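What follows is one structure encoded as C-alpha cells, with my remarks underneath.
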Amino acid sequence: MKCPVCRATYRSSGVRETASSNSQTLIPNSRNCHRCGVDLSPLIQIHDQAIWYHRQAIQALHAENYSAATTWNDQALSLHHNNADFHALAGQLWALQGKFHQAISAWERARHLNPQHPTATACLRGLDGS
Ligand SMILES: [Zn+2]
C-alpha cells in the first residue's frame with residue numbers, strides 16, 4: 001500500500017498484531033506515513049475491509065461457489081482496485097466460468113500491477129502453451 005500524499009510505501013509496524021489486545025492507545029503513530037506523517041488509518045481500514053472480502057471470495061472459490069466468490073471479489077476490487085491478487089483471483093473466476101477473454105484481461109491487469117505475480121504469470125503462460 002502506498003501513501004496517497006508522498007507515495008511512500010506503508011509498512012505496518014506489526015506491533016499491534018502482537019501482545020495484549022487493549023494496546024491501541026499505546027501505539028499512536030503506527031498508522032501514520034513514516035515519511036510525511038499523514039494519518040493513513042482511513043485508508044488502512046478500507047484496505048483491511050478489501051482483504052476481508054478477498055478472503056471470503058477465496059473461501060467461496062474453495063467451496064466451488066463461483067457466483068458468491070465473484071460477488072465478494074467485486075466488493076474487494078471496488079474498495080481497492082490496485083491489488084494484483086484481486087485481479088488474479090478475478091481471472092481465475094472468469095476462467096472457471098469459461099470466460100477466457102475476461103480472464104486474460106484480468107490476469108494482464110494483475111501483471112501490470114505486479115509483473116512477477118505468480119498466479120497471473122502461471123495462468124497466462126499456461127494459455128500461451130496450449
Ligand atoms: Zn506519506
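The values are calculated or read from the model by the stated rules, or taken from the named source; none is laboratory data. These numbers come from a predicted model, not from an experiment. With ideal geometry, Cβ positions are generated from the backbone for all residues, glycine too; neighbour counts draw on all protein chains shown.
Here are the numbers for this structure:
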quantity	calculated
So Asn82, is it at pLDDT below 95 and within 18 Å of the chain's Cα centre (by Cα)	yes
Count of residues meeting criterion [of a type outside the set (A, V, I, L, M, F, W, C) and closer than 16 Å to Ala120 by Cβ] in region 52-97	9
Any hit, region 30-39, residues being crowded, with 19+ Cβ neighbours inside 10 Å and outside the structural domain of Thr9 (by TED's automatic domain parsing)	no
Residue list for region 79-93, filter: more than 17 Å from Asp128 (Cα to Cα) and surrounded by 15 or more Cβ atoms within 10 Å (Cβ to Cβ)	Leu79, His80, Asn83, Ala84, Asp85, Phe86, His87, Leu89, Ala90, Leu93
